[in-house]
Amino acid sequence: MKMKGISILLLAVLIAAQGFSQDFKKFKFGFKVDPNVSWMSSETNDAVSEGVLLRGSFGVNADIMFSERYALGTGFSIMGGGGQLSFFDYEDRIGDAGESNFIVKRNRKYKLKYLEIPLTLKLRTDEIGYITYWGQFGLGLGFANKATADDNIKFFSELVEDADEMGSSWIDSGSAISSLAKEDEEEIGVDISGEMLPIRASLIIGAGIDYSLSGNTSLMFGIAYNNGLTNVFKSKMKGIEINDDGNPSYLTGSGEGGGRSYNEFKMKSITNSFVVTAGILF
């Protein structure tokens, strides 16, 4: 509902701007680069945001002018995004003695790439000296292009058979557990495309200037906040819940659920970024 309301408001403003325009029609086209600072905001307490990533974007900028003061800002960008999350997860390992089951603490850097198409309203001032000031707000629609991750994995506990209890239980990594459980493990460039939703919607708010060079050519500089509106994870993606002490939350009665005796949560997170834009318009 939130995104639908913003769309209706933007459409109404654009229609009003077009109604007030005279015979003024203009199209500004150009190229841009968009370095950004991106992070992921977790919508559950069981996954923790661990910092920002420096990412980059590039693309095409297009302003469809309705009057001297109003324009529809669109185009496309190959936009880099992502962030870092830490959470407990489940891991299988195959060794000489067979399969071993572990709970791990995963610190993951998400490196996401989207083809984003913005649809914004641009409000412009008259040219002052060589400079025109502008502000914009609207929506962005991103289509997933690539998704990889860099993982840092710490083994927390292992599921072992309990001969006396005729069942299984978790023992922590401080005990003598399988040699498959290393103290620390890194995995770089893991393909996580199957874990992420293919579409991302966002709210875009920004401001900047156009510096006139000659004729219709100008340099463009701007800054924008790109706020994600939709969860980036597929509904199947889950982690392990934490208890009040910040440790994995185990189910009562070890061995339930085929030995996976822990409580799970659904991964929910949005991506946000501050974007700096530089480009040239014709």
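The values are calculated or read from the model by the stated rules, or taken from the named source; none is laboratory data. Only a predicted model underlies this, so the values are computations on that prediction, with no experimental measurement involved. Note: ideal-geometry Cβ built from the backbone for every residue, glycine included; neighbour counts use all protein chains shown.
Matching residues to (1) surrounded by 18 or more Cβ atoms within 10 Å (Cβ to Cβ); (2) of a type outside the set (Ser, Thr, Tyr); (3) at pLDDT 90 or above:
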position	(1), (2), (3)
Lys26	no, yes, no
Val33	no, yes, yes
Gly81	yes, yes, yes
Gln84	yes, yes, yes
Ile94	no, yes, no
Gly98	no, yes, no
Asn101	yes, yes, no
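Per the listing Thr132, Thr120, the residue uniquely touching a residue at least 60 places away in the same chain (Cβ under 8 Å) and touching a helix residue (DSSP H, G or I) at 6+ places or on another chain (Cβ under 8 Å) is Thr120.
Here's the yes/no breakdown for (1) assigned to a loop (DSSP other than H, G, I, E, B); (2) buried (at least 18 other Cβ atoms within 10 Å of the Cβ); (3) out of contact with any strand residue (DSSP E or B) (no Cβ under 9 Å at 6 or more places or on another chain); (4) free of Cβ contacts under 8 Å to residues at least 60 places away in the same chain:
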site	(1), (2), (3), (4)
Ile205	no, no, no, no
Asp210	no, yes, no, no
Ser218	no, yes, no, no
Tyr225	no, no, no, yes
Gly239	no, yes, no, no
Gly246	yes, no, yes, yes
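Consider Ser57 carefully, then state whether it is in contact with a Phe, Trp or Tyr (Cβ under 8 Å, 6 or more places away or on another chain), surrounded by 16 or more Cβ atoms within 10 Å (Cβ to Cβ), touching a residue at least 40 places away in the same chain (Cβ under 8 Å) and not β-branched (Val, Ile, Thr).
On the way: in contact with a Phe, Trp or Tyr (Cβ under 8 Å, 6 or more places away or on another chain): no; surrounded by 16 or more Cβ atoms within 10 Å (Cβ to Cβ): yes; touching a residue at least 40 places away in the same chain (Cβ under 8 Å): yes; not β-branched (Val, Ile, Thr): yes.
For Ser57, the condition - in contact with a Phe, Trp or Tyr (Cβ under 8 Å, 6 or more places away or on another chain), surrounded by 16 or more Cβ atoms within 10 Å (Cβ to Cβ), touching a residue at least 40 places away in the same chain (Cβ under 8 Å) and not β-branched (Val, Ile, Thr) - is not met.
Residue pairs whose Cβ atoms lie under 6 Å apart, sitting 6 or more positions apart in sequence or on different chains, and linking a residue in region 87-104 that is farther than 19 Å from Asn152 by Cα to a partner that is modelled with pLDDT of 85 or more and surrounded by fewer than 17 Cβ atoms within 10 Å (Cβ to Cβ), do not occur here. Candidates in region 61-79 are the residues that are assigned to a strand (DSSP E or B) and touching a helix residue (DSSP H, G or I) at 6+ places or on another chain (Cβ under 9 Å); of these, the one that is surrounded by the most Cβ atoms within 10 Å (Cβ to Cβ) is Ala71.
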